[in-house]
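The values are calculated or read from the model by the stated rules, or taken from the named source; none is laboratory data. Predicted model only: the values in this text are computed from it and were never measured. A quick note on method: Cβ atoms are made from the backbone with ideal geometry, for glycine too, and the neighbour counts reach across all protein chains shown. To get the accessible areas, we keep the full protein, side chains included, count just its heavy atoms, and leave off ligands, DNA and RNA. Shrake-Rupley method; radii C 1.70, N 1.55, O 1.52, S 1.80 Å.
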Amino acid sequence: MKVAPEREVDRSVSQTVKAQLALRDQILSGSLRPGERISELQAVETTGASRTPVRMALVRLEEEGLLEAIPSGGFMVKAFSERDILDSIELRGTLEGLAARFAAERGVSARELEPLKECHLAIDDLLRQVPISVDAFSAYVTLNARFHALLTELSRSPPLIRQIDRASALPFASPSGFVMAQSALPEAQQILIIGQEHHRVVIDAIENREGARAEAVMREHARLAVRNLRLALRNRTHLDLLPALALIKTATD
């Protein structure tokens, strides 16, 4: 029986996403090093996907900034300057600040705000651990990502949500981009507590329809990721917690 064209398209899209995720994991896990060449054939072999989806996956990873096209053919794993990462974090913070302002100014019902408050309480429970375990840090990454996603959805702005998703996909720009790398550092708990206070304040600002306050606190919140970046780069002895740090070039490299 002949497969319907729309099913073929769905299968191709699914294979592209699968290949994209597999290749991204290889890059961010350190299996593929900065400057290493990736050919289409090599990607087919490592992902198990066919050539067309792999080709699309490589192009998408180039758009994300993880790969760079080589004039002679194929792609190369890209290295990043510290400035690249700082700019990406600033972009994400600016967009999330706008989302928080939209949520505050457009009004959010108590029912709509409840999932955000529940997520905030769940993070509170984690932060009561002293010291915070590596498992708790892993759980924090999941809850923090949920908090930011819920906050973005409250903006009720599909165009803005799409742009935040794109910005968060930039290398190291996600809200929890450096959390695991900081988990072994003495400053870790303090930074998480400050971040959680930002979460509390933005909930309060949205609830009270204070748009400027909500926007300002989310932009400030993104700057914690900048602090995490600098701490992580100073303590590369913990590369096992975030192997992708090897992709970042500092002034001393």
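The table below lists the values:
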item: The listed residue being under 23 Å from the mean Cα position of the chain (by Cα) and not in a helix (DSSP H, G or I), out of 63, 90, 68; result: 68
item: Candidates 201, 179 - the one that is buried (at least 17 other Cβ atoms within 10 Å of the Cβ) and at pLDDT 95 or above; result: 201
item: Answer residue from the range 142-163, given it is of a type in the set (A, V, I, L, M) and modelled with pLDDT under 95 and is farthest from residue 105 (Cα to Cα) among those; result: 143
item: Given (1) touching a residue at least 60 places away in the same chain (Cβ under 8 Å); (2) over 25 Å from residue 142 (Cα atoms); (3) open to solvent by 70 Å² or more (accessible area, probe 1.4 Å), index of the condition residue 77 fails; result: (3)
item: Pairs, first farther than 21 Å from residue 207 by Cβ in the range 88-110, second outside any helix (DSSP H, G or I) and open to solvent by 30 Å² or more (accessible area, probe 1.4 Å), C-beta under 8 Å, six or more apart; result: 88/170; 91/170; 92/170; 92/174; 92/175
item: Hits in the range 1-38 (condition: under 16 Å from residue 64 (Cβ atoms) and either modelled with pLDDT under 70 or among the polar types (S, T, N, Q) (or both)); result: 16, 20, 26, 29
item: Any chance residue 41 is assigned to a helix (DSSP H, G or I), open to solvent by 50 Å² or more (accessible area, probe 1.4 Å) and either more than 25 Å from residue 248 (Cβ to Cβ) or at pLDDT below 90 (or both); result: yes
item: Looking only at the range 65-74, and only at residues there that are open to solvent by 30 Å² or more (accessible area, probe 1.4 Å) and of a type in the set (A, V, I, L, M, F, W, C), the one that is nearest to residue 27 (Cα to Cα); result: 69
item: Candidate set from the range 55-65 (those that are of a type in the set (A, V, I, L, M) and touching a strand residue (DSSP E or B) at 6+ places or on another chain (Cβ under 7 Å)); member that is modelled with the highest pLDDT; result: 58
item: Hey, residue 53 in contact (Cβ under 8 Å) with a residue 60 or more places away in the chain and either farther than 17 Å from residue 79 by Cβ or not charged (D, E, K, R) (or both) or not; result: no
